[in-house]
Amino acid sequence: MPSAYDAIPQQTDTQPPRKRLPFVDGSRGLASLWIVCQHFLPHSSDGPLVKSLWRSNAAVDYFIVLSGFVTHWAARGKFSQSANRWHDARRWYGRRFGRVLLAVWLAMAVSAVLLYLGGNGDLNVTHLSLCALLVEP
(Lines give C-alpha, C1' and ligand atoms only; values in the text may rest on other atoms or scores of the structure.)
Protein backbone atom coordinates (compact mmCIF):
# COMPACT_ATOMS: atom_id res chain seq x y z
CA MET A 1 0.00 0.00 0.00
CA PRO A 2 1.49 3.39 -0.95
CA SER A 3 2.15 5.88 1.84
CA ALA A 4 1.84 9.66 1.86
CA TYR A 5 5.64 9.85 1.60
CA ASP A 6 5.50 8.10 -1.79
CA ALA A 7 3.74 11.17 -3.24
CA ILE A 8 6.96 13.19 -2.88
CA PRO A 9 9.24 12.55 -5.84
CA GLN A 10 12.65 11.27 -4.77
CA GLN A 11 15.76 13.23 -5.71
CA THR A 12 18.26 11.85 -8.19
CA ASP A 13 21.61 13.22 -9.23
CA THR A 14 20.26 14.21 -12.65
CA GLN A 15 17.21 16.13 -11.38
CA PRO A 16 17.45 19.62 -9.93
CA PRO A 17 16.03 19.91 -6.40
CA ARG A 18 12.30 20.50 -6.34
CA LYS A 19 11.45 24.01 -5.13
CA ARG A 20 7.67 23.70 -4.65
CA LEU A 21 5.42 21.38 -2.70
CA PRO A 22 1.97 21.58 -4.30
CA PHE A 23 0.14 20.03 -1.35
CA VAL A 24 1.64 22.62 1.01
CA ASP A 25 0.73 25.44 -1.39
CA GLY A 26 -2.84 24.12 -1.52
CA SER A 27 -3.01 23.92 2.26
CA ARG A 28 -1.76 27.52 2.56
CA GLY A 29 -4.39 28.52 0.01
CA LEU A 30 -7.16 26.96 2.08
CA ALA A 31 -5.89 28.69 5.23
CA SER A 32 -5.80 32.06 3.46
CA LEU A 33 -9.34 31.48 2.09
CA TRP A 34 -10.50 30.76 5.65
CA ILE A 35 -8.95 34.05 6.83
CA VAL A 36 -10.46 36.08 3.97
CA CYS A 37 -13.89 34.57 4.57
CA GLN A 38 -13.71 35.47 8.25
CA HIS A 39 -12.96 39.08 7.36
CA PHE A 40 -15.49 39.62 4.60
CA LEU A 41 -18.47 37.28 5.08
CA PRO A 42 -21.39 38.55 7.12
CA HIS A 43 -21.29 37.30 10.68
CA SER A 44 -24.17 35.46 12.27
CA SER A 45 -24.32 33.40 15.41
CA ASP A 46 -25.79 30.13 14.18
CA GLY A 47 -24.38 27.17 12.30
CA PRO A 48 -21.14 25.20 12.70
CA LEU A 49 -19.51 26.71 9.61
CA VAL A 50 -20.13 30.27 10.76
CA LYS A 51 -18.79 29.48 14.23
CA SER A 52 -15.63 28.03 12.73
CA LEU A 53 -15.00 31.31 10.90
CA TRP A 54 -14.50 32.96 14.26
CA ARG A 55 -11.57 30.58 14.87
CA SER A 56 -9.54 32.05 12.03
CA ASN A 57 -6.67 32.69 14.45
CA ALA A 58 -5.88 28.99 14.03
CA ALA A 59 -5.72 29.52 10.25
CA VAL A 60 -3.39 32.50 10.72
CA ASP A 61 -1.04 30.45 12.92
CA TYR A 62 -1.13 27.56 10.45
CA PHE A 63 -0.43 29.89 7.51
CA ILE A 64 2.54 31.51 9.26
CA VAL A 65 4.10 28.18 10.24
CA LEU A 66 3.67 26.78 6.73
CA SER A 67 5.09 29.95 5.19
CA GLY A 68 8.19 29.61 7.36
CA PHE A 69 8.52 25.99 6.30
CA VAL A 70 8.18 26.88 2.60
CA THR A 71 10.80 29.62 2.95
CA HIS A 72 13.31 27.21 4.45
CA TRP A 73 12.36 24.43 2.04
CA ALA A 74 13.21 26.71 -0.90
CA ALA A 75 16.57 27.58 0.68
CA ARG A 76 17.59 24.03 1.57
CA GLY A 77 21.04 23.08 0.40
CA LYS A 78 21.72 26.60 -0.83
CA PHE A 79 24.38 27.39 1.75
CA SER A 80 25.94 24.00 2.44
CA GLN A 81 27.81 23.89 -0.89
CA SER A 82 29.44 27.28 -0.60
CA ALA A 83 32.71 28.09 1.15
CA ASN A 84 31.11 31.39 2.23
CA ARG A 85 27.97 29.71 3.56
CA TRP A 86 27.68 31.81 6.72
CA HIS A 87 28.03 35.04 4.75
CA ASP A 88 25.54 33.79 2.15
CA ALA A 89 23.06 32.73 4.85
CA ARG A 90 23.27 36.09 6.64
CA ARG A 91 22.77 37.91 3.36
CA TRP A 92 19.83 35.69 2.36
CA TYR A 93 18.09 36.01 5.76
CA GLY A 94 18.78 39.76 5.82
CA ARG A 95 17.10 40.22 2.44
CA ARG A 96 14.20 38.01 3.50
CA PHE A 97 13.70 39.94 6.75
CA GLY A 98 13.98 43.21 4.84
CA ARG A 99 11.19 42.20 2.44
CA VAL A 100 8.89 41.27 5.31
CA LEU A 101 9.71 44.40 7.27
CA LEU A 102 9.14 46.61 4.23
CA ALA A 103 5.68 45.07 3.75
CA VAL A 104 4.86 45.64 7.44
CA TRP A 105 5.94 49.28 7.28
CA LEU A 106 3.99 49.86 4.08
CA ALA A 107 0.83 48.31 5.56
CA MET A 108 1.23 50.43 8.70
CA ALA A 109 1.66 53.61 6.67
CA VAL A 110 -1.40 52.90 4.51
CA SER A 111 -3.44 52.05 7.61
CA ALA A 112 -2.35 55.24 9.39
CA VAL A 113 -3.27 57.37 6.37
CA LEU A 114 -6.68 55.70 6.06
CA LEU A 115 -7.34 56.15 9.80
CA TYR A 116 -6.34 59.80 9.55
CA LEU A 117 -8.54 60.42 6.52
CA GLY A 118 -11.46 58.58 8.11
CA GLY A 119 -11.06 60.37 11.42
CA ASN A 120 -11.83 57.16 13.30
CA GLY A 121 -8.48 56.26 14.73
CA ASP A 122 -6.16 57.22 17.54
CA LEU A 123 -2.89 58.07 15.81
CA ASN A 124 -0.49 58.21 18.72
CA VAL A 125 2.90 58.84 17.12
CA THR A 126 4.82 57.21 19.97
CA HIS A 127 2.76 54.03 19.73
CA LEU A 128 3.09 53.93 15.92
CA SER A 129 6.87 54.40 16.17
CA LEU A 130 7.22 51.58 18.71
CA CYS A 131 5.11 49.30 16.52
CA ALA A 132 7.25 50.15 13.47
CA LEU A 133 10.33 49.13 15.45
CA LEU A 134 8.56 45.86 16.40
CA VAL A 135 8.81 46.73 20.09
CA GLU A 136 5.15 47.11 21.04
CA PRO A 137 2.11 45.10 19.87
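The values are calculated or read from the model by the stated rules, or taken from the named source; none is laboratory data. Just so it is clear, the structure is predicted and the values come from calculations on it, not from any experiment. Virtual Cβ from ideal backbone geometry, glycine too; neighbours counted across all protein chains shown. Note: accessible area is taken over every heavy atom of the protein model, side chains too, but ligands, DNA and RNA are not part of it. Shrake-Rupley method; radii C 1.70, N 1.55, O 1.52, S 1.80 Å.
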From 55, 85, 76, 90, grab the single residue that is of a type in the set (D, E, K, R) and in contact (Cβ under 8 Å) with a residue 40 or more places away in the chain.
76
Given the condition open to solvent by less than 80 Å² (accessible area, probe 1.4 Å), aromatic (Phe, Trp, Tyr), at pLDDT 70 or above and closer than 26 Å to residue 88 by Cβ, answer yes or no: does some residue in segment 61-72 qualify?
no
Tell me, yes or no, whether segment 80-89 has at least one residue that is hydroxyl-bearing (Ser, Thr, Tyr), over 14 Å from residue 132 (Cβ atoms), open to solvent by less than 50 Å² (accessible area, probe 1.4 Å) and part of a helix (DSSP H, G or I).
no
Expected single match for surrounded by 10 or more Cβ atoms within 10 Å (Cβ to Cβ) and over 24 Å from residue 24 (Cα atoms) among 120, 124 is 124
Do you know which residues across segment 87-137 are closer than 25 Å to residue 67 by Cβ and acidic (Asp, Glu)?
88, 136
